Every structure is written in structure tokens, then in C-alpha cells.
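Undergrad: Take a look at the following structure, please.
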Amino acid sequence: MTCAKDDLDSVSKTVSHLVSGEVVIIPTDTVYGFSAVVDLKGKSCFNADRKIREIKGRDGGKPFIHLISSPQDIEAFSAVKIPPVLFEKWPGPLTVIVPVKKDSPLCSTLETVAFRCPGDKWLRDVIRETGAPIFSTSVNRSGFPVIDTVAGIESEFSGEVPLIVDDGDKKGSVPSTIVSVLDGRIKVLRQGAVVIDS
């Protein structure tokens, strides 16, 4: 099923699928992404990470970005203090990789996690109402180009996900900037839509 992002019930529809453990395709502030709720409560029946990997054909060694609804949400998971300059760039297309707190529910599977607080208010509303971060990874088969048109996404994946949210084509979108803060210092891994001085 495809629904328009502008539909009045698009947020509630998306949240309903996510909290049921399903994978959906939704727009971000860069490209379209496969998304699923991050399991913080041990609901292993979700297997959302595995479901996305099966659809993409992606190996288990490459972790997904975690999208959060508020910049401050990262503090619940990060083992290091986030430099204020990064908070100034959020919400927006900036991905921040941090070491995970030992007592974090994410720690059992990951030592570091990439977080982004997206600039798109609709997406932040979805994440907030879901009640947990959501996974995000580009919409494509592993090893193939990212699909940036709604028609292309529907043609390739409509039979594999229960919901596609249409926000128009994303041709020419600039990718997010990626930085790491593993030792409290900022290291720029990829300059993208947000300019960060390392």
C-alpha cells in the first residue's frame, strides 16, 4: 500500500506498522529509507533488523543508522558527551557515530551506533509516537544504486513491505554528513549536506 505523506493519517498508519514490528519505506530528509522500530524491550519476535537485511540482501556486519526524534535522545545511549556544535546542527542531515553506554539496551549487540535526528518534522513525529528510535537504511538491493523515485520503489518493493509513504521523488538529494565522536573529539568521515569542521 502507498499513501501520501500529506495524508492526515499518514503518521498514524506508519506508526501502526512500525510498532507491529513491520518494515516500511518512508521518506527521510535525504533519501527514502527502509525503516523499522529498534527493539528496546526484548521483543525478539520483531526481528526488524533481520527483515530489512533479507529485503536488501545485506550482510549482518553492516549496522543501520538509528533515527531519533529529539537531539537529546542520543544521551540515553551515548557513552561520551556530545560536543555542543553537533547539537546545533540537529535536527538535520547529520549522522553522529558514538560508543554505546554499557547499560544501554543497544549494548548487547553493538559497541558503536550511528544516530541522526532528521530535519523532517513528519519523520520526527513518527519516531516520537513510535516510542523508540527507528532503523533507517537506503532503499535499494545491496550492491545496486539507491532508488530515488516513488515509481521505482513501488516497482521493486511494493510486494515486500506493507507501506510506502510517498513524498515525491528524491533525485539529486545530498547525503547526510557523517562524523564520529568515539573519544570525545569530532572526526569527519563524510562531508555531506551539513558542513562540520573537524
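The values are calculated or read from the model by the stated rules, or taken from the named source; none is laboratory data. As the structure is a computational prediction, the values presented were derived from the model and not from experiment. As a convention, Cβ positions derive from the backbone with ideal geometry for all residues, glycine included, and neighbour counts pool all protein chains shown.
Undergrad: Here is a list: Val139, Val100. Which entry is without any contact (Cβ under 8 Å) to a residue 24 or more places away in the chain, surrounded by 17 or more Cβ atoms within 10 Å (Cβ to Cβ) and either within 17 Å of the chain's Cα centre (by Cα) or within 24 Å of Gly192 (Cβ to Cβ) (or both)?
TA: After ruling out the rest, the residue left standing is Val100.
Undergrad: Moving on to the next point. With the requirement that a residue be of a type in the set (Gly, Ala, Ser), at pLDDT below 95 and surrounded by 15 or more Cβ atoms within 10 Å (Cβ to Cβ), what does the range 1-32 give you?
TA: Answer for the range 1-32, where residues must be of a type in the set (Gly, Ala, Ser), at pLDDT below 95 and surrounded by 15 or more Cβ atoms within 10 Å (Cβ to Cβ): just Gly21.
Undergrad: Suppose we keep only residues that are modelled with pLDDT under 95 and of a type in the set (A, V, I, L, M, F, W, C) within the range 57-73. Which one would you say is nearest to the chain's Cα centre (by Cα)?
TA: Across the range 57-73, the extreme among qualifying residues is Ile65.
Undergrad: Right, another one. Scanning the range 127-136 for residues that are surrounded by fewer than 20 Cβ atoms within 10 Å (Cβ to Cβ) and modelled with pLDDT of 95 or more, which turns out nearest to the chain's Cα centre (by Cα)?
TA: Arg128
Undergrad: On the basis of being modelled with pLDDT of 90 or more and either under 18 Å from Val37 (Cβ atoms) or among the polar types (S, T, N, Q) (or both), does Leu86 make the cut?
TA: Taking the combined requirement at face value, the residue does not satisfy it.
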